[in-house]
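Below is one structure, written out as structure tokens; comments come after it.
The values are calculated or read from the model by the stated rules, or taken from the named source; none is laboratory data. Being a predicted model, the structure only gives us computed values, none of them experimental. Cβ sites come from the backbone with ideal geometry, for glycine too, and all protein chains shown count toward neighbours.
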2 protein chains.
Amino acid sequence: MDDARDKGLTLNPKYDRDGLITAVVTDVENGDVLMVAHMNEQALQLTIQTGFAHFWSRSRQSLWKKGETSGHMLQVRDIRIDCDQDALWVKAVPAGPTCHTGARSCFFRRVGPEGLTAVDAAE
Amino acid sequence: MDDARDKGLTLNPKYDRDGLITAVVTDVENGDVLMVAHMNEQALQLTIQTGFAHFWSRSRQSLWKKGETSGHMLQVRDIRIDCDQDALWVKAVPAGPTCHTGARSCFFRRVGPEGLTAVDAAE
């Protein structure tokens, strides 16, 4: 444990070996988790400065402003960091469906003992 | 993109090179993100079977039932998996503070242009 990082007020993200930190995006209106992605230092700075969520795409190996092509941007209302500073919680207003499948949230399937079930969008 | 993994109803987690998947835990009552941790296959199975959140501790390199020593267990109400099956969303009832610092949530600091600020627990 690192007391300054755990409890202090200095931003000191613990980037992983790829230079990334996990970012969880929730819908500021209802608390639903919309997506989980990753930010590098530049994505985090752009997110703070512009008020729109930016990520690092591990598959494309490039910086990515969410919604840049789809228009489904995430307007940031609050950013939190966790105790060991290796995860971010971004509360946002989504401009449309967040998931590339067209679903409102990427988490549209429930895990149970029998496998996955689709979640009713109204839930 | 892998269509079966992205849209199908077969549980097929995309474990990373360490055999882990990211798990986001929210408070079922208010949607607050309580913690972000990791599960390996065994932790996920135990979480599904027992109804209590289990994780893989990267620092201790061991399986970990949340609250085993503190008593602050996480009773699972719902588990979701995201489109590419590399992240889980666990909705839970926390039996006490989730953070090792004693905070209700690990995300007790806000990130802003000037650095971090403590978040009022009432927010």
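The single condition from (1) touching a residue at least 60 places away in the same chain (Cβ under 8 Å); (2) touching a Ser or Thr at 6+ places or on another chain (Cβ under 8 Å) that residue B:16 fails is (2). Evaluated against (1) facing another protein chain (nearest Cβ under 9 Å); (2) surrounded by 13 or more Cβ atoms within 10 Å (Cβ to Cβ); (3) of a type outside the set (D, E, K, R), residue B:63 falls short on exactly one condition, (1). Each residue in segment A:101-123 was checked for being within 19 Å of residue A:23 (Cβ to Cβ) and at the interface with chain B (Cβ under 7 Å from one of its Cβ atoms), and 2 of them qualify.
Looking only at segment B:1-41, which residues are in a strand (DSSP E or B) and facing another protein chain (nearest Cβ under 8 Å)?
Quick first cut of segment B:1-41, residues in a strand (DSSP E or B) only: B:21-27, B:33-39.
Selection gives B:22, B:24, B:26, B:33, B:35, B:36.
Taking the criterion of being under 20 Å from the mean Cα position of the chain (by Cα), assigned to a loop (DSSP other than H, G, I, E, B) and surrounded by 15 or more Cβ atoms within 10 Å (Cβ to Cβ), the residues of segment B:102-122 that qualify are B:103, B:104, B:105, B:106, B:107, B:108. Scanning segment B:66-100 for residues that are in contact with a strand residue (DSSP E or B) (Cβ under 7 Å, 6 or more places away or on another chain), of a type in the set (Val, Ile, Thr) and either in contact (Cβ under 8 Å) with a residue 40 or more places away in the chain or more than 7 Å from chain A (Cβ to nearest Cβ) (or both) yields B:76, B:81, B:90, B:93, B:98. Within segment A:68-89, being over 13 Å from the mean Cα position of the chain (by Cα) and more than 27 Å from residue A:10 (Cβ to Cβ) holds for A:68, A:69, A:70, A:71, A:72.
Residue by residue, here is whether (1) part of a loop (DSSP other than H, G, I, E, B); (2) basic (Lys, Arg); (3) at pLDDT 95 or above; (4) under 22 Å from residue A:33 (Cα atoms) holds:
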{"position": "B:43", "(1), (2), (3), (4)": "no, no, yes, yes"}
{"position": "B:46", "(1), (2), (3), (4)": "no, no, yes, no"}
{"position": "B:49", "(1), (2), (3), (4)": "no, no, yes, no"}
{"position": "B:64", "(1), (2), (3), (4)": "no, no, yes, no"}
{"position": "B:80", "(1), (2), (3), (4)": "no, yes, yes, yes"}
{"position": "B:97", "(1), (2), (3), (4)": "yes, no, yes, yes"}
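Checking A:51, A:31 one by one, the residue that is crowded, with 16+ Cβ neighbours inside 10 Å and on the phi > 0 side of the Ramachandran plot is A:31 and no other.
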